[in-house]
1. Limited to the stretch 143-179, what total is found for residues that are under 21 Å from residue 35 (Cα atoms) and either aromatic (Phe, Trp, Tyr) or assigned to a helix (DSSP H, G or I) (or both)?
2. Could you list all residues from the stretch 117-136 that are over 14 Å from residue 157 (Cβ atoms) and either within 21 Å of the chain's Cα centre (by Cα) or in a strand (DSSP E or B) (or both)?
3. Please name all residue pairs, on different chains or six or more residues apart, with Cβ atoms under 9 Å, provided the first residue is in the stretch 114-125 and is on the phi > 0 side of the Ramachandran plot and the second residue is among the β-branched types (Val, Ile, Thr) and outside any loop (DSSP other than H, G, I, E, B).
4. Scanning the stretch 20-43 for residues that are of a type in the set (Val, Ile, Thr) and modelled with pLDDT of 95 or more, which turns out nearest to residue 207 (Cα to Cα)?
Amino acid sequence: MKVIEVRGLQKRYGRHVAVEDVSFSVNAGELVALIGHNGAGKSTTLKALTGQLQPSAGEVLVAGVNVLQDPGEARRRFGYVPEDPQLYDYLTAREMLELVVEVRGQGDIPATLAAVGLQDDADRLIREYSQGMRRKAALAAAMVSKPQVLILDEALNGLDPPSAARVKAHLRALAEGGAAVLLSTHVLETVEKIADRVVMLARGRVVADHNVTRDRRGGPGAAVLVADWGEFGALSLRTPPPPATQTDSSAAPTPRLDPHGAPGRATSPCPPAPTHTARRSA
């Protein structure tokens, strides 16, 4: 079932076209990565999806609700992390999540704090947090109520590797539990590991839309995304060739028939070099 739908989206600023005829969808239980170069139209698309921008043309729907016609109802259906999140600096992370749970009506605060790695710092004021910790708090606020839809704009930027791994695992779990997750990112490694599909934008248009089916364990034959970040963009999913088998130089040579010997007599592949005997002068 389609939970996020973008249909013919266009956004113009005077003569400048930020996005042009963008269409794609995200199903329930699917994690879709939105990639593209700087200025490709990713953030504009996500801002239209979350009701922050009014499209010049087209429509966007979240859980069946037209965002332009009923933005309040649409916002009840999704959690959102913007590229530059604004937080309540004079609340602790725990207090901010309690506020979100009160507004949303549900949520598991301890599990969410653990998922983003903030359980030991949950009672500190957010104004004391580092940039990475602020990002964790924003992610926690978006995920705590387990919304139908998660929209994340470069939301993994600035996370340390252990925290990023925890958040990726939690996003996968949410998708497998039925949520629709749309994540914009520049990091292809993240796409390869957790995405079900990848949509690529270039110059405000969709230039690729691929399913990403692979061995998630990264074993032999695991597929690799190859992106062309050029002006028009391109995306392919390739399986690297198996590694070449090295021959053991110490192994004995394969016997072969000696044409000058008896039938079945075997010799090495190369005959021995001839022996020269020096003559003594008289």
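The values are calculated or read from the model by the stated rules, or taken from the named source; none is laboratory data. If you're wondering where the values come from, they're calculated on a predicted model, not measured in any experiment. Virtual Cβ from ideal backbone geometry, glycine too; neighbours counted across all protein chains shown.
1. Final tally of qualifying residues: 11.
2. 117, 125
3. 117/167
4. Only one residue fits best here, namely 22.
Condition check ((1) at pLDDT below 95; (2) within 15 Å of residue 195 (Cβ to Cβ); (3) of a type in the set (Ser, Thr, Tyr)) across all residues:
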site: 122; (1), (2), (3): no, no, no
site: 127; (1), (2), (3): no, no, no
site: 131; (1), (2), (3): yes, no, no
site: 138; (1), (2), (3): no, no, no
site: 148; (1), (2), (3): yes, no, no
site: 154; (1), (2), (3): yes, yes, no
site: 173; (1), (2), (3): yes, yes, no
